[in-house]
Amino acid sequence: DAKTTQPNSMESNEEEPVHLPCNHSTISGTDYIHWYRQLPSQGPEYVIHGLTSNVNNRMASLAIAEDRKSSTLILHRATLRDAAVYYCILRDVKNFGNEKLTFGTGTRLTIIP
Amino acid sequence: GAGVSQSPSNKVTEKGKDVELRCDPISGHTALYWYRQSLGQGLEFLIYFQGNSAPDKSGLPSDRFSAERTGGSVSTLTIQRTQQEDSAVYLCASSLGFTSVGETQYFGPGTRLLVL
């Protein structure tokens, strides 16, 4: 599976935007980019995913570089409840039917009140 | 609606004992996954069930670990002769099944296992 690289940790002030980067230089044309996050003492939860175009949903936005070798998860206005570990995960459409998630170390986001 | 539930939420056992961990997936979800997260570590895939197909056991760390899924719904993860290195949070997830690559996995709260 193609690998992703994320910073180990980031800090952001409350109510400010947060940009969480992810590098995936070996991404293949059939890889989707998924983001999950894990709040303290909880199981992971889905955040957003995309293939080529930028995506928006109620939780966040996903900006994908034109060459797809990197992406950025954007939290438009961070709250204390957004403090979590954020995982960037590639999922290959060729593995349709074998959909296990391969988690890296993720980025631990700390929100400063 | 109800999410993925797991029981027990916490389990303390002695080294060498067997333990069973239970997962109730979201109703109608045909795919079920087990992961574990050791202290300070990332999430590690263990096993995957899809409908009536043979499970993908490629992530099970040893033959002391086994899992079954009865009636396509509830799943039990069994660890025999537990070792201290088995201490971890065991997470279960479910998803709809063969629909799309973008399919979301819904995780339960996990079972925290401590082997003394």
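The values are calculated or read from the model by the stated rules, or taken from the named source; none is laboratory data. Keep in mind that what you see is a predicted model, and the values were worked out from it rather than measured. Glycine gets a Cβ as well: all are built from the backbone with ideal geometry, and neighbour counts include every protein chain shown.
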When A:S28 is run through (1) over 17 Å from A:T110 (Cα atoms); (2) more than 10 Å from chain B (Cβ to nearest Cβ); (3) within 13 Å of the chain's Cα centre (by Cα); (4) not β-branched (V, I, T), the failure sits at (3)
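Yes/no per residue for (1) away from chain B (no Cβ under 14 Å); (2) surrounded by 14 or more Cβ atoms within 10 Å (Cβ to Cβ):
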residue: A:K3; (1), (2): no, no
residue: A:N23; (1), (2): yes, yes
residue: A:L51; (1), (2): no, yes
residue: A:N54; (1), (2): yes, no
residue: A:N57; (1), (2): no, no
residue: A:S61; (1), (2): yes, yes
residue: A:R68; (1), (2): yes, yes
residue: A:V85; (1), (2): no, yes
Out of the residues in the stretch B:34-49 meeting the condition of being among the aliphatic types (A, V, I, L, M) and under 12 Å from the mean Cα position of the chain (by Cα), tell me which one is nearest to the other protein chains (Cβ to nearest Cβ). B:L43
Across the stretch A:75-113, the tally of residues that are outside any loop (DSSP other than H, G, I, E, B) and out of contact with any helix residue (DSSP H, G or I) (no Cβ under 8 Å at 6 or more places or on another chain) stands at 19
Failed item, numbered, when A:H34 is tested on (1) over 30 Å from B:N10 (Cβ atoms); (2) within 14 Å of another protein chain (Cβ to nearest Cβ); (3) in contact with a His (Cβ under 6 Å, 6 or more places away or on another chain): (1)
Boolean, A:T102 is touching a residue at least 24 places away in the same chain (Cβ under 8 Å), more than 13 Å from chain B (Cβ to nearest Cβ) and among the β-branched types (V, I, T): no
Residues of the stretch B:50-72 being of a type in the set (A, V, I, L, M, F, W, C) and modelled with pLDDT of 90 or more, which ones? B:L60, B:F65, B:A67
Residues that are crowded, with 21+ Cβ neighbours inside 10 Å, modelled with pLDDT of 95 or more, in contact with a Ser or Thr (Cβ under 8 Å, 6 or more places away or on another chain) and not hydrophobic (A, V, I, L, M, F, W, C), drawn from the stretch B:73-109: B:T82, B:Y90, B:G108
Strands (runs of 3 or more DSSP E) within the stretch B:50-116 that include 2 or more residues under 12 Å from B:Y33 (Cα atoms) and away from chain A (no Cβ under 12 Å): B:65-69, B:75-79
From (1) at the interface with another protein chain (Cβ under 9 Å from one of its Cβ atoms); (2) in a loop (DSSP other than H, G, I, E, B); (3) modelled with pLDDT of 95 or more, pick out the condition that doesn't hold for A:P7. (1)
